[in-house]
Amino acid sequence: MTELSKQYNPKETESKWYEVWEKNNFFSAKAAPDKPPYTIVIPPPNVTGILHMGHALNNSIQDILIRYKKMKGFEALWMPGTDHAGIATQNVVEKTLAKEGLKRQDLGREKFIERVWEWKEKYGSTIIYQLKKLGCSCDWSRLRFTMDNDYSTAVTEVFVRLYEKKLIYQGSYIINWCPRCQTALSDEEASHSELQGHLYYLKYPLEENPQEFITVATTRPETMLGDTAVAVNPKDKRYKKYIGKVLALPLASRRIKIISDNIVDMHFGTGAVKVTPAHDPNDYALGKKHGLEFITVMTPDGKMNNMAGKYSGLDRFKAREAVLEDLKSLGCLEKIDPHTLSAGHCYRCHTIIEPYLSKQWFVKTKPLAKPAIEAVKKGRIKFYPGRWTKVYLNWMENIQDWCISRQIWWGHRLPVYYCKDCQGARSQELSAKGIIVSRAKPDKCPDCGGTDLIQDEDVLDTWFSSWLWPFATFYWPKETADLKYFYPTSTLVTGPDIIFFWVARMVMAGFEFRKQVPFKDVYIHGTIRDIEGKKMSKSLGNAIDPLEIIAEYGADALRFSLISITSQGQDVFLSKERFEQGRNFANKIWNASRFILMNLKPEAANADLRVLLNAGKLDILNRWILSRFYSTLEEVEKNLNCYKFNETANSLYSFFWHEFCDWYLELIKPQINREETQIVMYKVLEETLRLLHPFMPFITEEIRQRLPGAKVSIIQQGWPHLQAQMIDLKVENQIQSVFDIINMVRNMRAELELNPSSFIDIELALPDKQAHNIIKPLLDYIKNLAKVKNLSLSEKYIPQANQYAAVFKDMHIIMPLSGLVDTETQLKKTEGKIGKLQADIRSKETMLGNKNFTARAPAEIVEAERVKLKEMQMQIVKLEAVRNGLR
RNA sequence: GGGCUCAUAGCUCAGUUGGUUAGAGCGUUGCGUUGACAUCGCAAAGGUCAGUGGUUCAAGUCCACUUGGGCCCACCA
């Protein structure tokens, strides 16, 4: 066995063990009918992704679950993969093209897509390597990509099925349009944020009397060029007389009608609203209802089109200025008020969304939502923390149809073909004629037999492929053995930001295509923020790079620190110093293990603990640590099973550090060569390492391998079995008393400013004779850790001037002094304690004197309070004796 | 407009179904390095649990309101 360094060096161990795990296929899972399955599908990171703290947290949690379940005997599968991330990836590749002075149109569709694939091959696995650095135990042999051939088959299949069920339709509606990406977006992809804008009051003259105006208020004056009506509320007395009259729309020189509709809010703006049916969703509805004209005044890249007359070619915001300028000179701009408005922004490039009328494909979602609502209501899918249930249900119950077509190139092309011969016959309105939706490209048109078929140019929303992730990764629509065994999956771990994008839709897909839930538990973790509460992001420059932390502190430290501060679902405010806790803990584990390894005899690994226990060969100290260990194990499992990761991490931390190291290892030093100590010390370390392994996989593996009895990996050692008979609260209490006494002596020493390394004498005065027998065998422990030279036991406390005494339960702890210490100070301190105790006693007495309390509180609580009061009364007598001795 | 969430030690946060003297990590202060660990040990200081009112024998915990952060949803032109 090689010498261990004084400090843990994560770099040396991490890559080494990861290789071993991979080489031995410890991460692979196979359908195993004799074992229960446990499945997690990874939220597939974008191929453009690089590991950030959110990923680190998300994947640490998943790895903890997978490693725990694997050790526990489940066939645990963690399905990995990446998402093609349509718009995001296309944007990235377009940027690299721009450096060559090229646009994607210069290459053409096919060549461009080739470039994207090239980019993907080159950079698309970056995040996979980074996940490995984190220690993730994904079954990499199953790595999937949402644009894999098989996966695309599933996407096409789903489109065709939904189309055939009439749950997919095509139509012209107002959608969210990103003028920069030049594509439609779903409602979820338009993230609304407030911005400071203006409310512009425009005057439209009446045709019959141009001196008379109706003033409308708008935030987007440039759209007035597409106005086809002005609407007022029918109840609005101010405008009643104008309803049905005609206005001369300035600049556009068009006649528009004044219509009335209840939807108009009389109290907003002027109570008269301009109606632009082609550029606003509300106006669109009004346009439909009142049979208005739809005039599109913009081009897809956000410029004014030739319907906009002289403004044609101007960018929409430049056009706004120009329009305002011209209205002003016409005297048609009444005023401008500051106004905060909320505008949609493209979730990929943050450009302000333009509501835009265009022909798109939609999923009819209401029927899909129905079983997805029911499943959650009935608890077949559970959210952790539970409050997300409401968020999910609220969205699901108010679900809108899903716009799934995107006008970009990178993605799954719609399996929609048009017959050129039939196209002429197609009306603008919905008609299936000449539209062929098919799994494979058809040879000829089923309507006219024409062979001139072209495929729809659009691709599908990225989420239209990711919503199939829990089963498409198992090669659905094939009924594979893996699909049957591993699906439905067990737990989904993700952040709150993609509940609508992804989680909700997966539930819908699960029911629609598999007739069951896609997962049983959804664990929603918090968002990682910087110390000021801002979301961590590269663009804000406040991000802490997990890889940097791994390089500096190690992956185990990163994981442990992250987990220990993330209480269930709560956001995390993170600073770099936070990771020192994990690093220090790793180092503590390392050094405690180093100490044990230096003293351990290999045969200790072979003994059977139960035999030893039954033979009565375990002393109280060893029984104590075993009891504490199994109590901890019990707690760890309870917390893990309800996704309380921080509590688990913290109980392991405090058990290992503050009980095992601070007390146990210190106390056993004098008896370290005793057989029972050897065995227990080995046992507790070995099993604690196993409990820690899901949290800190590398260091626990490294140390386990150095202990006797190692298998190829600690993963194979499995999860320790709870041995409830080892939990002994009586033993725990007795040892706790010893610790309390030691603490008191240490405290007294510190109060007296005695050098911690000097030995002192102590007398314990304990009136209860029977207690003497219990404490006698424990005296050596006290002597050891409290640095006591002579420890005597007596039955009676005799107050004396040259001593310092303290009280613990019914015991006086007496420290003889050689006269150097100031008795005045001791007296003050003792009196202070008495004063505090008196106050406590008074409040207890009041409490117990209250008949309401004694009558209504549970008997055991009242009894406990009585006992407590008695103890306090006893203590005060003893303290008073001490005080009298000092006087 | 609706909903969620947070406010506890100087900082970051725990605190289970209401029930002893409210905890941890970091930081601070004092003492301590001859063999596990200074990425350490021992000890200490530090909290009217945001405010007000209520329910209760009992409130950090439950309820209402107030104040101040953060987030989400919604078609206020």
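Odds and ends about this structure:
- When residue A:207 is tested against (1) open to solvent by 10 Å² or more (accessible area, probe 1.4 Å); (2) among the acidic types (Asp, Glu); (3) under 42 Å from the mean Cα position of the chain (by Cα), just one condition goes unmet, and that condition is (3).
- Selection status of residue A:561, without any contact (Cβ under 8 Å) to a residue 40 or more places away in the chain, near RNA strand B (Cβ under 10 Å from one of its atoms) and buried (at least 17 other Cβ atoms within 10 Å of the Cβ): yes
- Qualifying residue in the stretch A:311-324 (condition: among the β-branched types (Val, Ile, Thr), outside any helix (DSSP H, G or I) and at pLDDT 90 or above): no
- Complete set of residues in the stretch A:564-582 that are open to solvent by 20 Å² or more (accessible area, probe 1.4 Å) and touching a Leu at 6+ places or on another chain (Cβ under 9 Å): A:565, A:578
- Subset of the stretch A:570-595 [within 22 Å of the chain's Cα centre (by Cα), of a type outside the set (D, E, K, R) and more than 8 Å from RNA strand B (Cβ to nearest atom)]: A:579, A:582
- Flag if residue A:659 is open to solvent by less than 50 Å² (accessible area, probe 1.4 Å), under 30 Å from residue A:28 (Cβ atoms) and either part of a helix (DSSP H, G or I) or modelled with pLDDT of 95 or more (or both): no
- Residue within the stretch A:841-857 that is under 28 Å from residue A:792 (Cβ atoms), open to solvent by 40 Å² or more (accessible area, probe 1.4 Å) and modelled with pLDDT of 80 or more present: no
- The lone criterion from (1) free of Cβ contacts under 8 Å to residues at least 24 places away in the same chain; (2) touching a Lys or Arg at 6+ places or on another chain (Cβ under 6 Å) left unmet by residue A:717 is number (1).
- Of the residues in the stretch A:156-168, at least one is at pLDDT 95 or above and polar (S, T, N, Q).
- Criterion violated by residue A:630 - all others in (1) in a helix (DSSP H, G or I); (2) within 9 Å of RNA strand B (Cβ to nearest atom); (3) among the hydroxyl-bearing types (Ser, Thr, Tyr); (4) over 21 Å from residue A:5 (Cα atoms) satisfied: (2)
- Test: residue in the stretch A:37-55 that is part of a helix (DSSP H, G or I) and more than 16 Å from RNA strand B (Cβ to nearest atom): yes
- Looking only at the stretch A:14-27, residues that are surrounded by fewer than 20 Cβ atoms within 10 Å (Cβ to Cβ) and over 16 Å from residue A:717 (Cβ atoms) come to 6 in all.
- Taking the numbered list (1) within 16 Å of RNA strand B (Cβ to nearest atom); (2) open to solvent by 10 Å² or more (accessible area, probe 1.4 Å); (3) under 21 Å from the mean Cα position of the chain (by Cα) in turn, residue A:551 passes all entries but (3).
- Residues within the stretch A:733-781 that are within 13 Å of RNA strand B (Cβ to nearest atom) and assigned to a helix (DSSP H, G or I), tallied: 16
- Criterion violated by residue A:408 - all others in (1) touching a Ser or Thr at 6+ places or on another chain (Cβ under 6 Å); (2) at pLDDT 90 or above; (3) open to solvent by 20 Å² or more (accessible area, probe 1.4 Å) satisfied: (3)
- Residue within the stretch A:803-825 that is loosely packed, with under 15 Cβ neighbours inside 10 Å and assigned to a helix (DSSP H, G or I) present: yes
- Filter result for residue A:168 (out of contact with any Ser or Thr (no Cβ under 8 Å at 6 or more places or on another chain), farther than 22 Å from residue A:89 by Cβ and within 16 Å of RNA strand B (Cβ to nearest atom)): no
- Test: residue in the stretch A:85-102 that is touching a Phe, Trp or Tyr at 6+ places or on another chain (Cβ under 6 Å) and either acidic (Asp, Glu) or closer than 30 Å to residue A:597 by Cβ (or both): no
- Selection within the stretch A:260-290 - closer than 25 Å to residue A:238 by Cβ, surrounded by fewer than 22 Cβ atoms within 10 Å (Cβ to Cβ) and more than 13 Å from RNA strand B (Cβ to nearest atom): A:290
- Extreme residue, farthest from residue A:322 (Cα to Cα), among residues of the stretch A:217-274 that are small (Gly, Ala, Ser) and part of a strand (DSSP E or B): A:260
- Checklist (1) within 18 Å of the chain's Cα centre (by Cα); (2) surrounded by fewer than 19 Cβ atoms within 10 Å (Cβ to Cβ) applied to residue A:52, failing item: (2)
Yes/no per residue for (1) more than 30 Å from residue A:612 (Cα to Cα); (2) modelled with pLDDT of 90 or more:
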residue	(1), (2)
A:726	no, yes
A:735	no, yes
A:748	yes, no
A:752	yes, no
A:756	yes, no
A:765	yes, yes
A:768	yes, no
A:793	yes, yes
A:799	yes, no
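- The single condition among (1) over 30 Å from residue A:259 (Cβ atoms); (2) modelled with pLDDT of 90 or more; (3) part of a loop (DSSP other than H, G, I, E, B); (4) not hydroxyl-bearing (Ser, Thr, Tyr) that residue A:292 does not meet is (1).
- Condition broken by residue A:164, with the remaining ones in (1) over 18 Å from residue A:50 (Cβ atoms); (2) in contact (Cβ under 8 Å) with a residue 12 or more places away in the chain; (3) touching a Pro at 6+ places or on another chain (Cβ under 9 Å); (4) open to solvent by 10 Å² or more (accessible area, probe 1.4 Å) satisfied: (3)
- Considering the stretch A:633-655, the residues that are without any contact (Cβ under 8 Å) to a residue 60 or more places away in the chain and open to solvent by 40 Å² or more (accessible area, probe 1.4 Å) include one that is farthest from RNA strand B (Cβ to nearest atom), namely A:641.
- Sub-6 Å Cβ pairs linking a first residue in the stretch A:544-555 that is touching a residue at least 12 places away in the same chain (Cβ under 8 Å) to a second residue that is open to solvent by 50 Å² or more (accessible area, probe 1.4 Å) and in a helix (DSSP H, G or I), at least 6 apart or interchain, are A:544/A:576; A:550/A:133; A:553/A:583, ordered by first then second residue.
- Residue identified as modelled with pLDDT under 95 and open to solvent by less than 40 Å² (accessible area, probe 1.4 Å) among A:447, A:456, A:452: A:456
- Tallying residues that are open to solvent by 80 Å² or more (accessible area, probe 1.4 Å) and part of a loop (DSSP other than H, G, I, E, B) within the stretch A:349-379 yields 3.
The values are calculated or read from the model by the stated rules, or taken from the named source; none is laboratory data. Because the structure is predicted, anything quoted here is derived from the model rather than measured. As a convention, Cβ positions derive from the backbone with ideal geometry for all residues, glycine included, and neighbour counts pool all protein chains shown. What goes into the accessible areas is simple: the full protein's heavy atoms, side chains included, and nothing from ligands, DNA or RNA. Shrake-Rupley method; radii C 1.70, N 1.55, O 1.52, S 1.80 Å.
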